[in-house]
Amino acid sequence: MISTLDLRPEVRDALTEIFNIGIGHAAGVLSELVNDEILLTVPELGVTPRADFVATAGALWTEPASIVRQSFQGPFRGDALLIFPARESLELVRALLAEPSPLETMSELEREALLEVGNIILNACLSCIADLLEQEITNALPLYLESDPATLVKALITDPDWYVIFLRIDFTVKRQNMRGNILFVLDVPAVTAFGAAVEKLVDHFESGP
Amino acid sequence: MTAGETFLIVDDARLARKMVRSFVAKARPDLVIFEAAEGEEALTVLAGLKTLHYATIDYNMPGMNGIDLAALVKQRCPDARIALLTANVQAALRKRAAELGIGFIDKPINETKIAAFVTQAGAVS
């Protein structure tokens, strides 16, 4: 279990709602792609300092994973990662492409499909954050990687002051249940700006009528 | 717009409830607002009301989903103006809402969307 910052319940609630909105919009786009209903939820969210995350990351993923990485810039910079266990990512793209394949490894077409899924999901979440902050976030092209996620995360977060926003997502595509993770690795100005914006949002509506 | 009309907000996210409450209070200060965090609680609130005039209902909630709850609310208060308020913007869900005869408002919520819901006459779109 990863230790997370002791957020005010109202702030944790607001963060989960923001990411649920992003994920909900992504589900809308994906559902158009596959012409079927997709269920997507964010049952778990945490914000963790780099050192705590790295110390426990190894226990999170015990097998190789398919990873889509999207770096972003703007008022702050960071990396967004979508991580699926390798087996589940195969099932996901095959559900999306509706083309059964006997191969145990991903074809080029399947990699491209997963990259597009990652692009849609990560962009939807980043757009929600950008709108909340009333700022523009620009994205680099997404990258597809097959790697041990814990090693990748350790390599990515070299600055000890950075933070990780960790989400577990559960989703159902064509009646298949799957589970993945989304990570936002943020520098200190990002976490400060994002945290302040969420606090402001919460306080504004908490003090309302 | 009769004084004492009621508005029920059903959403498991506290922030979403507060936002809807704030926008409703601004657009229609005459409305009496109730909140519930999930379906069963909403039905308990409803049982204590003489009648319900408006409701916004989230879709993804613990326990009952928003469509199932909306069907029950509609059964008990057929004249209430109800909208599914959700970030789940899939066509399948919009269709289900339309089949049930309720509106659909996509998140994130804002003042304009809520003002339209509580002030415009006619069917909700």
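The values are calculated or read from the model by the stated rules, or taken from the named source; none is laboratory data. Every value quoted in this text rests on a predicted model; they were computed, and no experiment measured them. With ideal geometry, Cβ positions are generated from the backbone for all residues, glycine too; neighbour counts draw on all protein chains shown. In case anyone asks, the SASA skips ligands and DNA or RNA and just uses the protein heavy atoms, side chains included. Shrake-Rupley method; radii C 1.70, N 1.55, O 1.52, S 1.80 Å.
Specify which of the listed residues (A:42, A:34, A:68, A:11) is modelled with pLDDT of 85 or more and either under 16 Å from the mean Cα position of the chain (by Cα) or of a type outside the set (Asp, Glu) (or both).
Residue meeting the stated conditions: A:68.
Which is closer than 23 Å to residue A:202 by Cβ, of a type outside the set (Asp, Glu), surrounded by fewer than 22 Cβ atoms within 10 Å (Cβ to Cβ) and under 15 Å from the mean Cα position of the chain (by Cα), of B:33, B:114? It would help to see each step written out before you state the result.
Values: B:114 fails: surrounded by fewer than 22 Cβ atoms within 10 Å (Cβ to Cβ).
Testing whether each residue is closer than 23 Å to residue A:202 by Cβ, of a type outside the set (Asp, Glu), surrounded by fewer than 22 Cβ atoms within 10 Å (Cβ to Cβ) and under 15 Å from the mean Cα position of the chain (by Cα) leaves just B:33.
Can you tell me which of (1) more than 14 Å from chain A (Cβ to nearest Cβ); (2) within 22 Å of residue B:46 (Cα to Cα); (3) of a type in the set (A, V, I, L, M, F, W, C) is the one residue B:104 doesn't meet?
The number of the failed condition is (1).
Could you list all residues from region B:77-99 that are more than 10 Å from the chain's Cα centre (by Cα), buried (at least 17 other Cβ atoms within 10 Å of the Cβ), aliphatic (A, V, I, L, M) and away from every other protein chain (no Cβ under 12 Å)?
B:97
Within region A:28-41, can one find any residue that is β-branched (Val, Ile, Thr) and touching a Leu at 6+ places or on another chain (Cβ under 7 Å)?
Yes, region A:28-41 contains at least one residue that is β-branched (Val, Ile, Thr) and touching a Leu at 6+ places or on another chain (Cβ under 7 Å).
Given the options B:18, B:26, B:74, name the one that is within 14 Å of chain A (Cβ to nearest Cβ), among the charged types (D, E, K, R) and either closer than 30 Å to residue A:170 by Cα or under 13 Å from the mean Cα position of the chain (by Cα) (or both).
It is B:18.
Can you find a residue that is free of Cβ contacts under 8 Å to residues at least 12 places away in the same chain and either open to solvent by less than 30 Å² (accessible area, probe 1.4 Å) or closer than 29 Å to residue A:49 by Cβ (or both) anywhere in region A:122-130?
No, every residue in region A:122-130 fails to be free of Cβ contacts under 8 Å to residues at least 12 places away in the same chain and either open to solvent by less than 30 Å² (accessible area, probe 1.4 Å) or closer than 29 Å to residue A:49 by Cβ (or both).
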